[in-house]
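Have a look at the structure below before the remarks.
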Amino acid sequence: MWTSDNGFQRISNVATTTLGLAICLLCLLGSLFAPAVAAVELVLGGDSYGESWLAAAPAEKVEYCRYAFSAFRSAPSTSYVISSNVQDISPEGFCTRLDQFYGFEVNLDTPLSEAAAIAPLLFADVSMDFQVEKAP
C-alpha cells in the first residue's frame, strides 16, 4: 500500500531528477557555446598606442569604441560634464574624438586607455568634422 508520504517522496524524487537533468542539459549547451563567446577578443586594447589606432581598420576601431564608450559613460566624472557634445556622444563619435586626438603627432605615445579617457573631454568644444592637417 502507498501512503501519502511515500507518494510525496516519489514526486519529490522525480522533480529532483528532472531538475538535475535540466541543469546538466544547460551546462552542456553552455559548454558548446562557450568557445564562441571566449573567442571575442579586441584587436585594440588599452595598452595600444596611437600608431596602432591609426593603422587599425574602421571595424576594429568601432569595436574598441563600443567597449570604451560604455566604460566612459559609467565613469562617475561624466555626470559632472555639462557640455552637450560630451553628453550626446555616440560610440562612433567616440571614435572620431580618438581620431582627432591621435591626429596630433605629440599624442601618438599616449596609451589608448588614457586617450579614451581624455579625448571626449579635450575635444568637447571642437566640431566632429575637425581634421588635423598634416605638415608636408
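Read-outs throughout are calculated quantities, based only on the coordinates presented, and are distinct from any laboratory measurement. All values reported here derive from a predicted model rather than from experimental measurement. Virtual Cβ from ideal backbone geometry, glycine too; neighbours counted across all protein chains shown.
Going through 78, 96 one at a time, which residue ends up being hydroxyl-bearing (Ser, Thr, Tyr) and buried (at least 18 other Cβ atoms within 10 Å of the Cβ)? Sole residue among the options that is hydroxyl-bearing (Ser, Thr, Tyr) and buried (at least 18 other Cβ atoms within 10 Å of the Cβ): 96. Scanning region 77-136 for residues that are free of Cβ contacts under 8 Å to residues at least 60 places away in the same chain, assigned to a helix (DSSP H, G or I) and of a type in the set (A, V, I, L, M, F, W, C) yields 86, 94, 95, 98, 101, 106, 117, 118, 119, 121, 122. Could we say that residue 73 is over 21 Å from residue 52 (Cβ atoms) and in a helix (DSSP H, G or I) here? In short, yes. Scanning region 46-93 for residues that are touching a Phe, Trp or Tyr at 6+ places or on another chain (Cβ under 8 Å) and within 12 Å of residue 112 (Cβ to Cβ) returns 50, 53, 54, 56, 61, 65, 68.
Return the pair list, or none, for Cβ contacts closer than 7 Å from residues in region 52-76 that are farther than 15 Å from residue 93 by Cβ to residues that are in a helix (DSSP H, G or I) and of a type in the set (Ser, Thr, Tyr), at least 6 apart or on different chains. Sorted first by the residue in region 52-76, then by its partner, the pairs are 53/102; 54/102.
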